[in-house]
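So the structure is just underneath, and the comments pick up after that.
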There are 2 protein chains.
Amino acid sequence: MNIADYLPTLSIDSVLICFHNEELEVLLLRWKNSDFWSLPGGFIKKNEDVDQAARRILLERTGLKHLFLEQFQLFGKANRRDEKQLDELLKTINFPEDVTSWLEKPFYTLGFLALVRREEINACTDQFTDQCQWFPIQSLPSMIFDHPDIIAEAKKQLRRQVNYLPLGKSLLPDTFTMKSLQLLYEVLLNKKFDRANFHKKIHKLQVLIKTGTLSTGQSNKSPYLYRFDDKRYEQLMEEGIGYV
Amino acid sequence: MNIADYLPTLSIDSVLICFHNEELEVLLLRWKNSDFWSLPGGFIKKNEDVDQAARRILLERTGLKHLFLEQFQLFGKANRRDEKQLDELLKTINFPEDVTSWLEKPFYTLGFLALVRREEINACTDQFTDQCQWFPIQSLPSMIFDHPDIIAEAKKQLRRQVNYLPLGKSLLPDTFTMKSLQLLYEVLLNKKFDRANFHKKIHKLQVLIKTGTLSTGQSNKSPYLYRFDDKRYEQLMEEGIGYV
DNA sequence: TCAAAAGTGTTTCTTTTACACCCATGC
DNA sequence: GCATGGGTGTAAAAGAAACACTTTTGA
């Protein structure tokens with residue numbers, strides 16, 4: 001990392017979210033020689049689009065080229081990074097002098113929300129971190145700086161924009177059952193739906209295509225498998241699904 | 001303006017919106033010696049909260065201390081400012097050398113949405129501009145750089161967040177008639193409401209308090225004047241009004 | 001044949017919509 | 001009194017919610 005290639009002042013942190021074990025999970029990296037975790041992030045190159053920078057950073061971290069990624073808020077408090085904590089984190093690692101002084105500069109950070117499928121991700125660490133793990137969004141470990149706030153705001157964004165985000169398409173596998181779709185929205189909105197009414201509501205949207213059935217091995221009827229009608233799905237994202 | 005006090009890389013531009021003549025209007029400033037208009041904006045001081053910077057800049061421009069102000073998007077294209085245009089704008093004014101070279105640096109800009117009452121504003125120009133005017137949001141003049149995009153995104157934000165923005169409270173006078181409230185939402189959503197049903201909808205929200213009647217001088221019944229119940233209003237902003 | 005879970009249908013209640021009616025005001 | 005626009009009431013239509021019924025599957 002050649003410091004001279006990067007812009008000061010503004011960094012990027014991404015909240016990667018997946019749906020796993022009937023829960024939303026967030027990807028975190030552990031800082032070297034510490035018990036603190038942080039969001040995958042990075043810096044912006046000179047002459048680079050900010051959106052492009054966010055994609056580049058996530059590509060390095062996950063190997064994913066195509067994923068839903070959207071900025072949601074600039075975290076702009078002057079004292080957003082605890083100085084003491086920053087010093088301690090830097091002390092434990094022997095970065096080259098130029099990297100250390102770069103990291104000590106003040107940075108606002110732009111928060112991005114990314115929606116991914118856990119099984120498509122091969123997450124890896126960066127030069128600041130030595131471990132990489134998914135955590136249920138309801139039980140997160142200690143994090144550096146204002147990263148807990150960033151995740152909290154991402155959650156709010158997720159709820160408020162629920163009608164305009166490609167949640168099903170980004171978080172579920174290509175084919176899925178009605179039950180898993182319902183479960184996803186129940187978790188997102190923290191609210192139970194009536195199974196029968198959920199069916200009707202979704203079918204009225206005309207966004208699902210039956211692709212077969214899933215043999216569960218259970219002693220009951222096999223549920224249908226669906227996939228999304230891409231054209232109709234895009235249309236719904238424009239108009240809003242009308243969930244809440 | 002002492003350049004050394006300010007951060008590079010990131011600037012601020014605000015879309016000030018008022019409701020006047022049954023239309024939404026935007027405040028623009030005209031660049032000195034040019035036919036191009038721009039949003040009121042500025043730079044961030046070292047060690048300053050970004051939100052605070054946006055307030056400081058608007059205070060200088062409008063004299064308003066309290067107003068609704070919220071960031072809505074970072075405009076992060078590397079080439080968002082047309083170089084040719086920038087050069088031409090700078091050529092026509094004799095800024096000190098340090099200011100010129102400051103302005104020539106690359107800047108991303110953070111867009112803020114501000115909701116104001118036109119009559120409370122005493123808008124004035126800054127060192128870059130010589131005129132200041134409100135324009136109907138539907139008929140805007142030529143603007144510099146990506147400022148048309150910024151306004152377009154602000155409009156989208158306004159529509160999408162309509163349920164969570166204090167539109168009535170920020171854009172209408174302290175007391176107002178049901179008709180003017182209806183008109184505001186009709187303009188915002190570009191959609192007509194049935195007068196009777198609008199009454200019922202609003203009354204069910206239990207957010208209005210009757211404060212008297214307005215003598216219009218017209219040969220018909222005087223409409224009631226209302227004001228908002230502050231406590232209930234805040235509550236509604238949290239939950240969302242449920243308009244669209 | 002039974003239990004379990006998926007899929008579908010029906011009834012009820014609530015909300016939305018359309019529109020009619022009444023009321024105050026100035027000429 | 002009458003035209004005008006504000007305020008209120010009512011009936012029809014649409015939509016949401018609750019819940020019962022039917023189907024499929026493996027044991």
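Per-structure values
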read-out: Any pair with Cβ under 9 angstrom, 6 or more apart, that starts in the stretch B:3-14 at a residue that is closer than 22 Å to residue B:72 by Cβ and ends at one that is among the acidic types (Asp, Glu); value: B:7/B:48
read-out: Lone unmet requirement of (1) surrounded by 16 or more Cβ atoms within 10 Å (Cβ to Cβ); (2) in contact with a Pro (Cβ under 6 Å, 6 or more places away or on another chain) for residue A:78; value: (2)
read-out: Any hit, the stretch B:45-54, residues being within 14 Å of chain A (Cβ to nearest Cβ), exposed (fewer than 14 other Cβ atoms within 10 Å of the Cβ) and touching a helix residue (DSSP H, G or I) at 6+ places or on another chain (Cβ under 9 Å); value: yes
read-out: Exclusive hit being within 14 Å of the chain's Cα centre (by Cα) and either in a helix (DSSP H, G or I) or under 26 Å from residue B:135 (Cα atoms) (or both), set B:110, B:90, B:103, B:74; value: B:110
read-out: Per-region count, the stretch A:200-210, residues touching a Phe, Trp or Tyr at 6+ places or on another chain (Cβ under 7 Å) and surrounded by fewer than 13 Cβ atoms within 10 Å (Cβ to Cβ); value: 1
read-out: Output for the stretch A:159-180, where each listed residue is more than 15 Å from residue A:67 (Cβ to Cβ) and either free of Cβ contacts under 8 Å to residues at least 40 places away in the same chain or more than 16 Å from DNA strand D (Cβ to nearest atom) (or both); value: A:159, A:160, A:161, A:164, A:175, A:176, A:180
read-out: Residue check for residue B:138: crowded, with 17+ Cβ neighbours inside 10 Å, outside any helix (DSSP H, G or I) and touching a strand residue (DSSP E or B) at 6+ places or on another chain (Cβ under 9 Å); value: no
read-out: Members of the stretch B:225-242 that are on the phi < 0 side of the Ramachandran plot, surrounded by 12 or more Cβ atoms within 10 Å (Cβ to Cβ) and either in contact (Cβ under 8 Å) with a residue 60 or more places away in the chain or among the acidic types (Asp, Glu) (or both); value: B:228, B:229, B:233, B:234, B:237, B:241
read-out: Residue list for the stretch B:192-208, restricted to those being free of Cβ contacts under 8 Å to residues at least 12 places away in the same chain and either within 14 Å of chain A (Cβ to nearest Cβ) or away from DNA strand C (no atom under 11 Å from the Cβ) (or both); value: B:203
read-out: Residues within the stretch B:183-198 that are surrounded by 14 or more Cβ atoms within 10 Å (Cβ to Cβ) and near DNA strand D (Cβ under 9 Å from one of its atoms), tallied; value: 1
read-out: Tally, over the stretch A:149-173, of residues that are over 14 Å from residue A:115 (Cα atoms) and assigned to a loop (DSSP other than H, G, I, E, B); value: 1
read-out: Selected residue (only one of A:215, A:222 is part of a loop (DSSP other than H, G, I, E, B), modelled with pLDDT of 95 or more, polar (S, T, N, Q) and surrounded by fewer than 16 Cβ atoms within 10 Å (Cβ to Cβ)); value: A:222
read-out: Members of the stretch A:156-172 found to be among the basic types (Lys, Arg) and crowded, with 17+ Cβ neighbours inside 10 Å, listed by number; value: A:160, A:169
read-out: Strands (runs of 3 or more DSSP E) contained entirely in the stretch B:1-60, each with at least 3 residues that are under 18 Å from residue B:141 (Cα atoms); value: B:6-20, B:23-31
read-out: Looking only at the stretch B:209-231, and only at residues there that are under 11 Å from residue B:178 (Cβ atoms), of a type outside the set (A, V, I, L, M) and more than 10 Å from DNA strand C (Cβ to nearest atom), the one that is nearest to the other protein chains (Cβ to nearest Cβ); value: B:226
read-out: Residue in the stretch B:1-44 that is surrounded by the most Cβ atoms within 10 Å (Cβ to Cβ), counting only those that are within 14 Å of chain A (Cβ to nearest Cβ) and farther than 21 Å from residue B:65 by Cα; value: B:10
read-out: Test for residue B:69: is it part of a strand (DSSP E or B), touching a residue at least 12 places away in the same chain (Cβ under 8 Å) and closer than 20 Å to residue B:169 by Cβ; value: yes
read-out: Flag for residue B:107 being surrounded by 14 or more Cβ atoms within 10 Å (Cβ to Cβ) and farther than 27 Å from residue B:24 by Cα; value: yes
read-out: Residue check for residue A:44: within 24 Å of the chain's Cα centre (by Cα) and farther than 24 Å from residue B:112 by Cα; value: no
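The values are calculated or read from the model by the stated rules, or taken from the named source; none is laboratory data. The structure displayed is predicted, hence computed values, not measured ones. Neighbour counts run over all protein chains shown; Cβ positions are idealised from the backbone, glycine included.
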